[in-house]
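Presented below is the structure to which this report refers.
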Amino acid sequence: MYRCHTCYVAVPILALFLCGVFLCGMFGCGPQDQVSAKPAGGEVTTQSSNVGSQTADDNTGQTPAAGNSDPDSGDPDSGDPDSGDPGSGDPDSGGNSGGTSELDPEANPASAGNGEVIDISFDDIILQIQADIAFRPWMLTARVKELDGKRIRISGYMLPDSKLKGIDQFVLLRNTECKYGPGGQADHLLNVTMRKKARIDYRSKPISIEGVIQVRPFQGPDGNTWSIYDLNEADNVTNVRRR
C-alpha cells in the first residue's frame, strides 16, 4: 500500500496550527496586562504594559499644592515670623508692630509752643460786636480760639497816657479813631504788658510788637466790656513804615 510520506509531516504541522488558532481565539493575541503574584490579601494587582507613561506631578517633580505647615519654608501661609510676612506681627518683619506713629502728638509736638511767632492783624481778632456791650464767650470766632495763648506779632497805635517814658503797660489800638472805655469797641484793642524789665517810650506813629495773646475780657465800671484781649510778655517793638 502506497503511503504518502508528506502526510506524516503535514498532519502534525496542521494540527499544531489549528491548536494555535484555537488558543488565540480564547485568550487574544494583543499585548496583555501581566498578572502579578497574589498578595497576602488575595487581591490581584496589575501592572500597565505601558511602563513609559508618568503622571503630570511625576514629570514636573512638584508636589501637589497643599497648605505648607513647615516653619522653615518661609511661606507666608506657614505663619512663621521669620518669613517676613506683614501679618506675622514680628517687629523685624516690617509689619504693624503697634509702635508709635509719626502722627502721635507726643512724638511730634506742635510747633506752636516752640517760640514760633504768628503774624496777624486786627482783622484776625475782630468779633463784629457793637460798642458798649457785655462780652459773652459764644462771641469768639474759631480764629480767635486758634490764636489764644499763641505768640503773635501785630501792629497798631499806642493810646496816649500821662506817662510818656519807661512805659511797661499800655493799650494798643487798631487805629487812632478807636476808643478805650465808654463808646469803644472791645475787640479793637489789646491791653499790653511788657516783658519783665522791658520798657518803651510813647510813640505816636504805628508800631509792631510781639507778645502772647490771651482772651481775658475786662469789664468797666459801667458794666460793659472795655477790652477782650491781653498781650503779655511783649517785646521786639519796632516802628512801622507807612506804605
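The table for this structure:
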item: Close pairs from the stretch 200-228: first of a type in the set (Asp, Glu), partner not in a strand (DSSP E or B), Cβ under 9 Å, at least 6 apart; result: 201/164; 201/165; 201/166; 210/117; 222/132; 222/181; 222/182
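Condition check ((1) over 16 Å from residue 218 (Cα atoms); (2) among the small types (Gly, Ala, Ser); (3) at pLDDT below 95; (4) touching a strand residue (DSSP E or B) at 6+ places or on another chain (Cβ under 6 Å)) across all residues:
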position	(1), (2), (3), (4)
107	yes, yes, yes, no
116	yes, no, yes, no
122	yes, no, no, no
127	no, no, no, no
141	yes, no, no, no
155	yes, yes, no, yes
168	yes, no, no, yes
172	no, no, no, yes
188	no, no, no, no
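The values are calculated or read from the model by the stated rules, or taken from the named source; none is laboratory data. Computed from a predicted structure; not experimentally measured. Positions of Cβ are generated from backbone atoms using ideal geometry, with glycine treated the same way; all protein chains shown enter the neighbour counts.
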